[in-house]
1. Which angle between 0 and 90 degrees, to the nearest 10, do you get for helix 226-237 versus the longest principal axis of the chain when only C-alpha atoms count?
2. Just rank TRP347, TRP365, fewest to most, by other beta-carbon atoms within 10 angstrom.
3. Angle between the Cα long axis of helix 146-159 and the longest principal axis of the chain, 0 to 90 degrees, nearest 10?
4. Cα centroid distance between the range 163-206 and the range 381-437, in Å?
5. Sorted by mean Cβ packing within 10 Å, highest first, what order do the peptides 177-185, 263-271, 459-467 take?
6. Report, in deg cm²/dmol and to the nearest 500, the calculated mean residue ellipticity at 222 nm for the chain, where each DSSP H run with n ≥ 4 adds -39500 (n - 2.57) and the sum is divided by the residue count.
7. Can you give the FRET efficiency to the nearest 0.05 for ASP55 and THR126, using r as the Cβ-Cβ distance and R₀ = 51 Å?
8. Sorting PHE30, PHE381 on the 10 Å Cβ count, fewest up front, what's the list?
Amino acid sequence: MRTRVFCLALALAALACLVASGRAFATVTFTAPELLGRPTATSVAVNAVADTALDVYFQYGRSAKAYSARTSTVAYAAGTPIVVTLNGLKANTRYYYRLRYRPHGSGVFSARPQHGFVTKRAAGSTFVFEIQGDSHPERVKKMFDAALYAQMLTSVAKDRPDFYLTSGDDFSVDTLKTVDAQTVAARYTLQRPYLALVGQSSPVFLVNGNHEQAALANLDGTAANVAVWAQTARNKYFPQPAPDGFYTGDAVPVPHIGLLRDYYAWTWGDALFVVIDPYWHSPVPVDNVFGGGSKSTDKWQITLGDAQYAWLKKTLESSAAKYKFVFTHHVLGTGRGGIEEAGLYEWGGHNDKGVDEFAAKRPGWALPIQQLMAANHVTIFFQGHDHVFARQELGGVVYQSLPNPADPNYALNNADAYLSGDVLPSSGRVRVTVSPQKVLVEYVRSYLPKDATAQHPDGEIAFSYQIGAPLTVSRH
């Protein structure tokens, strides 16, 4: 009995010391859970944010039961992104990791849940990637339901895709009543708990949209403008690629930002992935004008820019990949439709009256973008912006428009802009399976429990097609 009393006294004394130090059982909230980015053959970056000053390290390895490596312990201030690169990895391999943390200076490390990821696939591998259209979380009820979004992303996570892409308009700042560094950053932190549902195990790649207002036309030479705030927040909370030997891309730093990480390319298995961006390289507003105003009447001013075009041309021409995928927010960054817009301006060479002005308007460019993609056998061009699923084809290139991921109205938006092809309403995402023999594209629908039926359950494959083997299309 005396022994028990003595032990209890010691425990209470120890607890009293910890309480007195202010560190007892400190509650730590991860306001931005783990999210992976910029995977390579030998590394991956992890980003997380906590509301408490922490000491942090990561454990990782090829076994889910025993970790073979760990990072050094680093102190992070409350609210400061924890950004760590896990190095020394082996290509074409699944790894597991977890974050270990403690309130700064305290003695005991706690463990976050374990997650996994895969490094660069070898040629000949079969793998899955998935992509969503514009999520627009600011358009509550009209185009966004939080429960449906979380449900959809949880479903994606169960597929364990190698990575996940968004197509822009996920961080819209246009409706903010006050626009400053803090309110713009809040658009990015708003998405983190959602995208971490997938991003904790599947690296996330972002495509710039028009409503982000991360655009050249918004720069004014100072650090206090919406373009700087948007791109700085983007790069702070989402680890995106910069040119490094594995990725190629935009190598020109911008004052007050550094490298933009706005356009980039990489090879994974048998496929080349290319993300392009008109917004950061057009001298005029590409679509909606920040703060109001009329859109440009001369769409020849809307451009990828000479440097990005030259990079795109080199990237497509120098790749021997069996499949090539190109991603951007929309043809020309504006307008509605897919192939309906593909003959216009620098994308197709003609003005809106049908006159070919390409040689005069783009001296030094070999081909308009559509013809460049066709000549280099681009497999699929993916775009968002129109909030609808639509599949079309032009010159051997599939134009794949993406549905909203979480529209509770399941709307058929902008369908009248598509004069041909297969057009279906939202909501859901597109799943792509790449194998040596073919590419399988599936439209996976999402329904709230109250809206799902036996005929149309959540997760139904509403439409699918294959490229590579004989082309087959299936509409359900």
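1. 50 degrees
2. Sorted ascending by nearby Cβ count, the order is TRP365, TRP347.
3. 90 degrees
4. Taking the Cα centre of the range 381-437 as reference, the centre of the range 163-206 is 21 Å away.
5. Descending mean neighbour count gives 263-271, 459-467, 177-185.
6. On the way: 8 runs with 93 residues, N = 476.
Helices in the chain give a 222 nm mean residue ellipticity of -6000 deg cm²/dmol.
7. Working: r = 41 Å, r/R0 = 0.80.
Efficiency at R0 = 51 Å is approximately 0.80.
8. By the 10 Å Cβ count, ascending: PHE30, PHE381.
Taken together, the values in this text are just the output of simple stated rules run on the coordinates, not laboratory data. Keep in mind that this is a model prediction, so the values were computed, not measured. Glycine gets a Cβ as well: all are built from the backbone with ideal geometry, and neighbour counts include every protein chain shown.
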